[in-house]
1. Counting only residues 5 or more places away or on other chains, whose amide H sits under 5 Å from the amide H of Met315 once H atoms are built in the peptide plane?
2. Residue by residue through segment 292-302, what is 3J(HN,Hα) from phi via Karplus (6.51 cos²θ - 1.76 cosθ + 1.60, θ = phi - 60°)? Round to whole Hz and write x for glycine and proline.
3. Sort Cys77, Cys188 from largest to smallest accessible area, using a 1.4 Å probe on the heavy atoms of the protein chains.
4. If packing is taken as the average number of other Cβ atoms within 10 Å across a peptide's residues, how do 78-84, 52-58, 366-372 rank, most packed first?
5. What ranking, highest mean first, results for peptides 218-225, 196-203 when packing means the other Cβ atoms within 10 Å averaged over each residue?
6. Over all pairs of distinct alpha carbons, what does the Kirkwood formula give as the hydrodynamic radius of segment 207-300, in Å?
7. Give the whole-number value, in cubic angstrom per residue, of the convex hull volume spanned by the C-alpha atoms of segment 256-373.
8. Check which residues have an amide H placed less than 5 Å from Asp357's amide H, if you skip close sequence neighbours.
Amino acid sequence: MLRKWQSACAESAINKYSSGHRHFLCLATPGAGKTVMAAEVAARLLHQDMIDAVLCFSPSVNIADGIRYTFSYRLNCSFNGGLGEVGASLTYQGLFHLNDSFWHSLSKLRLLVVFDEIHHCAGGEAPNAWGSKIIAKLQQYARYTLALTGTPWRSNASPIALAAYSKAGHIHCDFTYGMAEAIADKICRRPNIVLVDNNALTLTRSDGRTDRFGSICDFLDGSGMPYQALIGSENILRHVLKLASEKLDQIRVRTPDAAGLVVAASVQHAEAISELLWRSFKQKSVVVTYRHEKASNTINNFRHSEIPWIVSVGMVSEGTDIPRLQVCCHLSRVKTELHFRQVLGRILRMRVEDQPDAWLYTLAESNLTRFAEQLVVDVPDCHLQFERVNDFHDAQENRSGPKTLENRGVLFEEMHDDITFGNGPESPKSRYDPMTRDLFVMGTFKQRVLAHYV
């Protein structure tokens with residue numbers, strides 16, 4: 001049974017196509033069910049004999065598999081592009097492997113083309129590779145296009161392919177279904193953001209000079225050290241993971257299969273975080289990255305398991321449907337609003353039996369703080385709560401005293417573009433900045449919570 005917004009959007013798309021227009025853009029918040037709506041549009045167009053076939057494109061194999069399953073169910077076919085099928089689900093990368101005979105065969109069909117996460121496709125005067133293919137090929141072959149997005153902007157400000165813009169540069173959406181509406185309809189969970197900060201970061205440089213900073217923002221602005229140095233700090237990681245693990249444990253009391261996602265910065269970073277989750281908190285996890293074979297199988301197995309954590313690099317950032325995810329740690333080096341929204345979207349999809357809140361933990365870096373505060377505008381009952389200050393002294397720290405970047409195993413090696421850590425200077429993995437050998441000490445952690453009043 002369709003949700004109210006899905007039915008309304010499908011009806012709006014059919015009406016626009018029937019009136020002679022070819023393109024339709026739907027903006028719906030992550031987790032709202034855009035794929036189901038798109039399958040409904042395809043089914044109605046086929047039923048009304050307005051099209052002969054459907055092609056769907058998406059950013060990854062895992063998302064393409066999910067689309068194939070949804071369309072197969074709604075259209076009552078395998079939807080695998082085989083002989084006699086009404087369509088197929090492909091990746092944008094697959095556009096490069098479609099030969100001339102394929103394009104020629106499309107010219108004989110009345111085609112609906114569905115573009116999932118269309119914001120990946122830049123158009124305009126300097127389109128990217130995916131946008132170029134869409135403009136040069138699919139636009140001329142498609143009888144109708146249905147573009148879907150949860151984030152209608154690009155971080156480089158390039159216009160989105162097939163999208164219309166006002167003179168002021170604002171994107172025109174044919175149908176919009178926002179986060180506030182989805183929360184009110186109990187389709188999406190309420191987002192709660194925890195911004196982790198530190199009130200006394202002390203950096204001792206190799207020349208003996210010492211600088212003190214009252215926050216993470218001050219440290220990044222004045223120290224010359226990169227953000228990667230912070231998300232590579234075992235001290236910081238342990239604190240963020242401690243908060244997130246405690247929250248997930250609370251949720252799993254009522255929802256035993258609830259899970260958490262950690263978005264890591266590199267493959268080594270992900271593997272080290274997985275190790276830390278077990279070593280410090282006895283939390284089991286699976287790691288899925290672009291380097292792991294059969295990553296899609298790992299995600300699918302996790303989707304139906306009761307393992308509490310999945311640690312990912314570039315594999316669970318958007319479009320991937322794992323409804324049991326309810327807690328997330330954003331520990332990626334990517335700090336764009338698009339990526340922030342995509343990561344948040346992974347924990348918003350709500351099941352009937354779920355609690356209504358999702359929790360995202362990240363550092364109080366200036367851009368990430370700004371993106372979190374924007375939720376106050378987007379979601380009316382989301383508020384900035386008071387600052388909660390938590391002293392962070394685990395058992396190991398109490399035994400061995402203050403920690404520096406060197407003897408704490410805080411590891412950042414910019415030369416290799418990797419972030420990793422070990423158990424201390426005796427560990428073969430233990431590294432700090434090999435160019436400067438600068439050290440820093442951390443003070444008291446505190447959390448600023450952007451939460452809903454419940």
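The values are calculated or read from the model by the stated rules, or taken from the named source; none is laboratory data. Keep in mind that what you see is a predicted model, and the values were worked out from it rather than measured. Note that each Cβ is placed from the backbone with ideal geometry, even for glycine, and that neighbours are counted across all protein chains shown. These area figures cover heavy atoms from the full protein model, side chains too; ligands, DNA and RNA do not enter into them. Shrake-Rupley method; radii C 1.70, N 1.55, O 1.52, S 1.80 Å.
1. none
2. Values per residue, Gly and Pro as x: 7, 5, 6, 4, 4, 5, 4, 5, 4, 5, 5 Hz.
3. Cys77, Cys188
4. 52-58, 366-372, 78-84
5. Ranked from most to least packed, the peptides come out as 196-203, 218-225.
6. The answer is 15.6 Å.
7. For segment 256-373, the hull spanned by Cα atoms encloses 104 Å³ per residue.
8. Counting only residues 5 or more places away or on other chains, the set is Arg190.
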